[in-house]
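Worksheet: the structure to be examined is printed underneath.
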Amino acid sequence: MIALLAQGFALLILAASVWLLKFIIAPPYPVWGLVIVQGVLAAFLSCRMGLPCWWRLIQFGLPVGLYIGLHFELNPFWALGIFLLLWLVFFNAIKERVPLYLTNSTTRMALKKLIKRRKDIRFLDLGCGLGGNVVFMGQQVNVLRSDGVETAPIPYLLSKLFTLFRGGHVYPMDMWKAKLEYYDVVYAFLSPDPMPKLWTKVLSELPQDAIFISNSFAVPEVEPSEVWELSDKRKTKLYIYNMHDFKKD
Ligand SMILES: C[S@@+](CC[C@H](N)C(=O)[O-])C[C@H]1O[C@@H](n2cnc3c(N)ncnc32)[C@H](O)[C@@H]1O
């Protein structure tokens, strides 16, 4: 909605400027020029109106893309197709406010280190994306079973394919329906949004000797048992919750 409003405001400013400009330079003005000004204005306003600044690229690209599509009479099914593709990949961005981004190799090595003293581990990746963590953990000698759940259709299909060849199990399941009782290491790389609700689930379902690890997003108002800051470029933080610190007998 903010993005749409920014485009609307930009159009109003552009219309007013064109109306004033006609007193200085006689129209007509090149449409491509107006489209570029629309994009620049919308991009500028988006940031000012509180959208994350990476939206600038999208806000600039929208009117320019529309103009190119109309000018070259591109089949609109291209736009629909690209939209559908993005929707099938970033399926959980709207409802759960969790897009797709992937755990890097430094973080995977840290996970390996984190579990090295445990035996017969049952690992679960909540929202497993392309299944990279499930495969990686499934290859560790002390991991008995490595599972992931994913609801975004394209990531699910890719992760299913990946795990079929490289090991591990992926299910087309909503993470809110996953039974955490079964696992002793649960990993999540989501967003700030689901963390409070997820913590309630983790607290009620995870056994006392289990650990919950959240990549980058801490549970609000809960002091983690440990925080590991990694040496990768983004200085990834792993928030580690040893359930025995939170579930007393
Ligand atoms: C940031 S990605 C992390 C992917 C993977 N765990 C990794 O670390 O590389 C989060 C994933 O969670 C998935 N997701 C979000 N909400 C979900 C839900 N309710 N049930 C299952 N998967 C979900 C998204 O589709 C996305 O693929």
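The values are calculated or read from the model by the stated rules, or taken from the named source; none is laboratory data. Keep in mind that this is a model prediction, so the values were computed, not measured. So basically every Cβ, Gly included, is an ideal-geometry build from the backbone, and we count neighbours across all protein chains shown. SASA here: full protein model, heavy atoms, side chains in, ligands and nucleic acids out. Shrake-Rupley method; radii C 1.70, N 1.55, O 1.52, S 1.80 Å.
Filter the range 112-128 down to the residues that are of a type outside the set (Lys, Arg) and surrounded by fewer than 23 Cβ atoms within 10 Å (Cβ to Cβ), then identify the one that is farthest from LEU164 (Cα to Cα). Steps first, please.
Step one: of the range 112-128, the residues of a type outside the set (Lys, Arg) are 114-115, 120-121, 123-128.
Keeping just the survivors that are surrounded by fewer than 23 Cβ atoms within 10 Å (Cβ to Cβ) gives 114-115, 120-121.
Working: LEU114: 26, ILE115: 24, ASP120: 21, ILE121: 20 Å.
Top of the filtered list is LEU114.
Pick from LEU57, LEU41, LEU51, LEU45: which is over 30 Å from GLN139 (Cα atoms) and open to solvent by 50 Å² or more (accessible area, probe 1.4 Å)? Break it down stepwise before answering.
On the way: LEU41 fails: open to solvent by 50 Å² or more (accessible area, probe 1.4 Å); LEU51 fails: open to solvent by 50 Å² or more (accessible area, probe 1.4 Å); LEU45 fails: open to solvent by 50 Å² or more (accessible area, probe 1.4 Å).
Exactly one residue qualifies, and that residue is LEU57.
Any residue that is open to solvent by less than 50 Å² (accessible area, probe 1.4 Å), in contact (Cβ under 8 Å) with a residue 12 or more places away in the chain and within 16 Å of the ligand (Cβ to nearest atom) - is there at least one of those in the range 64-75?
Among the residues of the range 64-75, not one is open to solvent by less than 50 Å² (accessible area, probe 1.4 Å), in contact (Cβ under 8 Å) with a residue 12 or more places away in the chain and within 16 Å of the ligand (Cβ to nearest atom), which makes the answer no.
Can you spot a residue in the range 96-106 that is farther than 24 Å from GLU229 by Cα, surrounded by fewer than 20 Cβ atoms within 10 Å (Cβ to Cβ) and not assigned by TED's automatic domain parsing to the domain that holds LYS237?
In the first step, residues of the range 96-106 are kept if they are farther than 24 Å from GLU229 by Cα; the result is 96-97.
In the following step, the residues that additionally are surrounded by fewer than 20 Cβ atoms within 10 Å (Cβ to Cβ) were identified as 96-97.
After this cut, where a residue has to be not assigned by TED's automatic domain parsing to the domain that holds LYS237 as well, the list is 96-97.
Yes, the range 96-106 has at least one match.
Just wondering, is there one or more residues in the range 54-72 that are part of a loop (DSSP other than H, G, I, E, B) and closer than 30 Å to LYS235 by Cβ? Give the derivation first.
If we filter the range 54-72 for residues that are part of a loop (DSSP other than H, G, I, E, B), which is where we start, we get 54, 72.
So of that shortlist, the ones also closer than 30 Å to LYS235 by Cβ come out as 54.
Yes, because at least one residue in the range 54-72 is part of a loop (DSSP other than H, G, I, E, B) and closer than 30 Å to LYS235 by Cβ.
Which of the following residues is outside the structural domain of VAL35 (by TED's automatic domain parsing) and farther than 23 Å from MET1 by Cβ: LEU80, LEU144, LEU84? Full working, then the answer.
Numbers: LEU80 fails: farther than 23 Å from MET1 by Cβ; LEU84 fails: farther than 23 Å from MET1 by Cβ.
Matching residue, one of LEU80, LEU144, LEU84: LEU144.
Give all pairs with beta carbons closer than 9 Å in which a residue from the range 94-118 that is under 14 Å from ASP193 (Cβ atoms) meets a residue that is of a type in the set (D, E, K, R); count only pairs at least 6 apart in sequence or on separate chains.
Final answer for the pair search is GLU96/ASP193; ARG97/ASP193; VAL98/ASP193.
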